Amino acid sequence: MIIVVGSINLDLIANVDRLPSPGETVSGSGFTTAPGGKGANQALAAARAGAQVRMVGAVGKDNFAPEALALLREAKVDLSGVGETFASTGTALIMVGDDGENIIAVVPGANASVVPGDLSKAFLNKGDVVLLQHEIPLATIDAALDQARAAGAVTVLNTAPFHAKAAGFLGKADYVVANETEFDLYGEALALSGRDRKARMRDFAGKTGRAIVVTLGGEGVMAATPSDFLTVPALKITPVDTVGAGDTFCGYFAAGLASGLTLEQALARAGAAGSLACLKPGAQPAIPLAKDVDQALQETR
């Protein structure tokens with residue numbers, strides 16, 4: 001079982017010719033809404049990868065909540081751990097340029113009410129994979145890492161969005177997943193040694209005894225463990241919308257670990273899924289199905 005403890009949002013997406021500079025207004029070409037939130041995105045990705053998934057989080061008692069949960073329900077994600085609060089359902093305001101790049105503002109809403117006490121809804125067991133991100137209170141993430149360790153579960157911590165205060169508990173996670181910008185910032189916060197990113201990744205793995213995974217967009221992914229270093233290339237694609245690609249990677253990565261794949265195999269499958277997620281607009285609607293990911297991997301061999 002994969003237990004995702006994290007955020008649930010509704011994404012409000014505007015398509016624009018190009019992303020605006022500060023103080024500038026640009027014209028939009030389209031507007032859509034879609035379920036989102038890093039936690040929910042990753043839960044859906046893990047479910048579409050073929051895993052059994054339980055979601056722990058919160059939504060508001062408002063009109064956004066049903067749409068925010070719709071695709072999770074459709075994918076048979078266990079939502080018994082999702083509570084309701086009087087805060088608004090979390091929202092993400094997203095602008096996507098014609099080149100596929102985006103800027104995002106997130107309003108946490110109900111996600112800010114996910115507290116350590118809610119972890120009782122996770123029903124952690126030995127062998128579970130617990131997937132976490134930084135869109136809920138950091139105290140809850142820290143507590144989840146401790147409780148997962150006590151239960152014998154494996155933890156995957158996605159460090160997005162960056163929070164300097166999170167540096168203190170990164171070493172508790174079995175697998176840390178960061179993009180290159182996040183890792184460089186955490187490298188400074190943790191005073192990691194090394195002239196380049198690869199050396200600093202090795203330093204993190206050596207000091208903590210954990211694995212660090214750094215995603216590089218179109219350049220693929222690198223991973224360091226205390227005893228090994230891996231690089232996996234990305235699929236060659238022309239991106240339409242990169243929103244949710246990192247979350248897709250994390251969900252598929254957790255599913256790969258839960259199914260018994262080796263680290264290299266899990267990285268390759270997750271990387272292919274993240275690439276395919278860039279071929280459609282939106283976060284959750286763009287997450288690929290397992291059969292499409294497996295076909296893409298077959299075509300690259």
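The values are calculated or read from the model by the stated rules, or taken from the named source; none is laboratory data. On a predicted model such as this, the values are computed, not experimentally measured, just so you know. A quick note on method: Cβ atoms are made from the backbone with ideal geometry, for glycine too, and the neighbour counts reach across all protein chains shown. These area figures cover heavy atoms from the full protein model, side chains too; ligands, DNA and RNA do not enter into them. Shrake-Rupley method; radii C 1.70, N 1.55, O 1.52, S 1.80 Å.
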Would you be able to say whether some residue in region 142-159 is in contact (Cβ under 8 Å) with a residue 40 or more places away in the chain, closer than 21 Å to Asn111 by Cα, of a type in the set (S, T, N, Q) and surrounded by 19 or more Cβ atoms within 10 Å (Cβ to Cβ)? yes
Do we find a residue being under 18 Å from the mean Cα position of the chain (by Cα) and open to solvent by 40 Å² or more (accessible area, probe 1.4 Å) anywhere in region 115-123? no
On the basis of being without any contact (Cβ under 8 Å) to a residue 24 or more places away in the chain and either among the charged types (D, E, K, R) or part of a loop (DSSP other than H, G, I, E, B) (or both), does Arg73 make the cut? yes
Quick check on region 36-55: of everything there that is closer than 20 Å to Ile136 by Cα and over 14 Å from the mean Cα position of the chain (by Cα), which residue is surrounded by the most Cβ atoms within 10 Å (Cβ to Cβ)? Val53
Would you mind stating whether Thr215 is of a type outside the set (A, V, I, L, M), free of Cβ contacts under 8 Å to residues at least 12 places away in the same chain and within 29 Å of Gln298 (Cα to Cα)? no
Just to be sure before I move on: is Ala51 in a loop (DSSP other than H, G, I, E, B) and of a type outside the set (S, T, N, Q) in the structure I sent? yes
Consider region 1-33. How many of its residues are surrounded by fewer than 24 Cβ atoms within 10 Å (Cβ to Cβ), outside any loop (DSSP other than H, G, I, E, B) and not β-branched (Val, Ile, Thr)? 7
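Here is a yes/no grid of residues against (1) under 30 Å from Thr300 (Cα atoms); (2) among the β-branched types (Val, Ile, Thr); (3) out of contact with any His (no Cβ under 9 Å at 6 or more places or on another chain):
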position	(1), (2), (3)
Val176	yes, yes, yes
Glu180	yes, no, yes
Gly187	no, no, yes
Arg197	yes, no, yes
Gly206	no, no, yes
Glu219	yes, no, yes
Leu230	yes, no, yes
Asp241	yes, no, yes
Anything in region 170-186 that is open to solvent by less than 10 Å² (accessible area, probe 1.4 Å) and either of a type in the set (A, V, I, L, M, F, W, C) or more than 24 Å from Gly244 (Cα to Cα) (or both)? List them, or say none. Leu170, Ala173, Val176, Val177, Ala178, Phe183
Taking region 92-139 and keeping only residues that are assigned to a strand (DSSP E or B) and either without any contact (Cβ under 8 Å) to a residue 24 or more places away in the chain or within 21 Å of Thr25 (Cβ to Cβ) (or both), one is left with Ala92, Leu93, Ile94, Met95, Val96, Asn102, Ile103, Ile104, Ala105, Val107
Given the criterion open to solvent by 10 Å² or more (accessible area, probe 1.4 Å) and without any contact (Cβ under 8 Å) to a residue 24 or more places away in the chain, identify the matching residue among Thr225, Thr262, Thr242. Thr262
Kindly list, by first and then second residue, each pair from a residue in region 166-184 that is within 17 Å of Asp203 (Cβ to Cβ) to a residue that is among the β-branched types (Val, Ile, Thr) and not in a strand (DSSP E or B), limited to pairs with Cβ atoms under 8 Å and residues at least 6 apart or on different chains. Leu170/Thr159; Leu170/Thr208; Gly171/Thr208; Val176/Thr159; Ala178/Thr159; Glu182/Thr159; Phe183/Thr159
Unique residue being of a type in the set (Gly, Ala, Ser), surrounded by 18 or more Cβ atoms within 10 Å (Cβ to Cβ), in contact with an Asp or Glu (Cβ under 8 Å, 6 or more places away or on another chain) and touching a residue at least 12 places away in the same chain (Cβ under 8 Å) when the list is Ala58, Ala68: Ala58
